[in-house]
Amino acid sequence: MKMKTFERNHDNVAKCTAVSVEKLKIEASERAKQQPLLQRIIKALSKKDNIFRELVVDNNPIERRVALLENGVLHDFEFERYGDNDYVGAIFKGKIQNIEPGLKAMFVDIGHEKNAFLHYWDLLPAANDSSFEVTRNNRSKSAKKIGLHDIPAQYPIGSDVMVQITKGQIGTKGPRVTTNISLPGRYLVLMPINGECGISKKIDDPKERARLRNILDKISIPEGMGVIIRTAGVGKKVRYFVRDLYILLKRWQKIFDDYQASKNPCLLYEEPDLIDRTVRDFLTDDIDRIIVNTRSAFSRISDTIEQISPRSKSKLFLFEENIPIFERFNIDRQIEQTFHRRVPLSCGGEIVIHETEALTSIDVNTGNYKAPENESKSYIFDLNCEAAKEIVRQLKLRNIGGLIVVDFIDMKSRGDRSKLYELVYREMANDKAKSHVLPISQLGLMELSRQRHSQSNCSELRSPCPYCSGDGFIKSHATMCSEIYRNIVNYIKRLSEKQQMADKKLIKISLNPEVLAQFKKRETFLLELEKEYNVKLSFIADTSYHAERYKIE
């Protein structure tokens, strides 16, 4: 389906944050008969959560970008550059290079420059995974149980092993891998090594979970293998799961055959590119529209939808306006805002985000927030709640992983602290990355962790400042004045050791104009210096000089 001009009336959808949902319903309903797209918008706005969700796909020769908008507000963003690949989800045949008993880990050659890191826990079958509820055990009866102490004997140096990358290479660290292979499909995730079957915990409807348990009992799964029903499987009939399982088993058979045929470490399977992953992972009944800016990507997505969910084809549109698609939907500006350390809140408060190697610290400030007179007791709780929702959104947008510490505004009520914890827990449960949230501590801090697959978006899209080396600070002008003064004195002393300065020596100092302005405030010290050492100081302001750069000659 084409969208030649992208109905101008649909601008209301991208601006839902400023226009009330009720007003949008009324305005759209007046023209619904003439514009079928608006009928779908009205239907979307009639959902329980009143949220219009759309996927915007920007495909260009340099990179692919996908944004998830909810009522025009950016809630998820992923990008992929051609030629770059962190191989997360890829499966390799590896060879164990060395074992580190102290670390309880192994280093595996997978054919890359950096060896992969394999922890003992990731070698054990059915490592604990809290993302799904186990409803059925399909393990092979002949399978032997092994413990941590058995691993060095089971996997000696030089032995072959099939591994899957769970975390890409970050900095100087090689990728992290596991032997618990998982192959995601549209409705199922096949775990050929793990014999546990279950249902995603994100499916919270008790009746639907009971129906899916019955479906799991009906599906014929090979002994020793397990499957997880994904959220996309909600409401689907048995035939969808059977077909998905058949595709995944064929894929696994090819991977296993290639593993046996290969003698050296090599790549056995690679995850689809961003466009195909978007259709597989994001195209659910909650998505109301998909907009693509190129015909090639439009055709690919259309063919994929035809195979997995034909009725969703009506949601796909081709964007043909003479304006960049991310600019048209105000996405570029929202992405740019994710790089700011300070994030303003609509209530007047703000959150401050600072990433370090060890952890990410987030501070919640009242800023310009003023509590209404009749709500003076709850305004801190309300501000913290708004900050909590924005923090979860920012973590997803920035792709921040690892340990995160949040300093909320202090609350005296234990009940308010519990409610805030429950809010963060619920919001994080909607994140596809695994997370763990702890209640607010006695010091008023909330600790949480978020699964890290790759570097944060800030690290990927931006480089450290060449002047401050990523510290975010440079020397103050006053500090530079003191440093230059000391070096002038040292320079004069070195000259005096080499020659008798009978005549007055001219010394030129080239520096930044703003630093020179600070020197003029200290003119008395400079005059005393000239008189003491019988020299003439000449300062030259040069706008090409950085604030920390200067030259004495």
Q: Mind checking which aspartates and glutamates have their Cα closer than 16 Å to the Cα of LYS237? Skip sequence neighbours fewer than 8 apart in that chain.
A: GLU208, ASP217, ASP285
Q: Run the quick spin-label model on CYS458 and PHE339: label points 7 Å from Cα toward the beta carbon, then report their separation in nm to one decimal.
A: 1.2
Q: Kindly report, to the nearest 10 Å², the accessible surface of CYS347 as traced by a 1.4 Å probe over protein heavy atoms only.
A: 30
(Q) Of ILE255, THR231, ALA153, which is farthest towards the positive pole of region 103-258's charge dipole, taken about the Cα centre with +1 and -1 on the beta-carbons of Lys, Arg and Asp, Glu respectively? (A) THR231
Q) FRET efficiency for ASP382 and THR284, Cβ-Cβ distance as r, R0 = 35 Å, nearest 0.05? A) 0.65
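How high is the relative contact order of region 235-328, given as a whole-number percent (alpha carbon pairs under 8 Å, six or more residues apart)? If you can, show how the numbers build up before the last one.
Details: 44 pairs, mean separation 20.9, N = 94.
In percent, rounded to a whole number, it is 22.
At 0.36 nm per residue, minus the direct Cα-Cα distance, what do LYS505 and ALA433 gain on full extension? Give it in nm, one decimal, please.
Details: separation 72, 0.36 × 72 = 25.92 nm, distance 6.71 nm.
Separation in residues times 0.36 nm, less the Cα-Cα distance, equals 19.2 nm.
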Q.
Suppose a student asked you for the relative contact order of region 174-217, using Cα pairs under 8 Å spaced at least 6 residues apart; what percent would you report?
A. 24
Q. What trypsin sites (Lys or Arg not before Pro) in region 300-406 are in a loop by DSSP, with at most 13 other Cβ atoms within 10 Å of the Cβ?
A. ARG341, LYS370, LYS377
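In terms of solvent-accessible area of protein heavy atoms at a 1.4 angstrom probe, what is the ranking of TYR120, TYR155, highest value first?
Details: TYR120 10, TYR155 50 Å².
So the residues, ranked largest to smallest area, are TYR155, TYR120.
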Q. Of TYR246, VAL163, LEU183, which is farthest along the charge dipole of region 129-265 in the positive direction, counting Lys and Arg as +1 and Asp and Glu as -1 at C-beta?
A. TYR246
Q) What residue among ASN71, ASN85, MET106 has its Cα farthest toward the positive end of the dipole of region 58-127, where the charges are +1 on Lys, Arg and -1 on Asp, Glu, each on the Cβ? A) MET106
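The values are calculated or read from the model by the stated rules, or taken from the named source; none is laboratory data. Remember, it's a predicted structure, so these values are computed and weren't measured experimentally. Please note: Cβ atoms are built from the backbone with ideal geometry, for glycine as well, and neighbour counts cover all protein chains shown. Note: accessible area is taken over every heavy atom of the protein model, side chains too, but ligands, DNA and RNA are not part of it. Shrake-Rupley method; radii C 1.70, N 1.55, O 1.52, S 1.80 Å.
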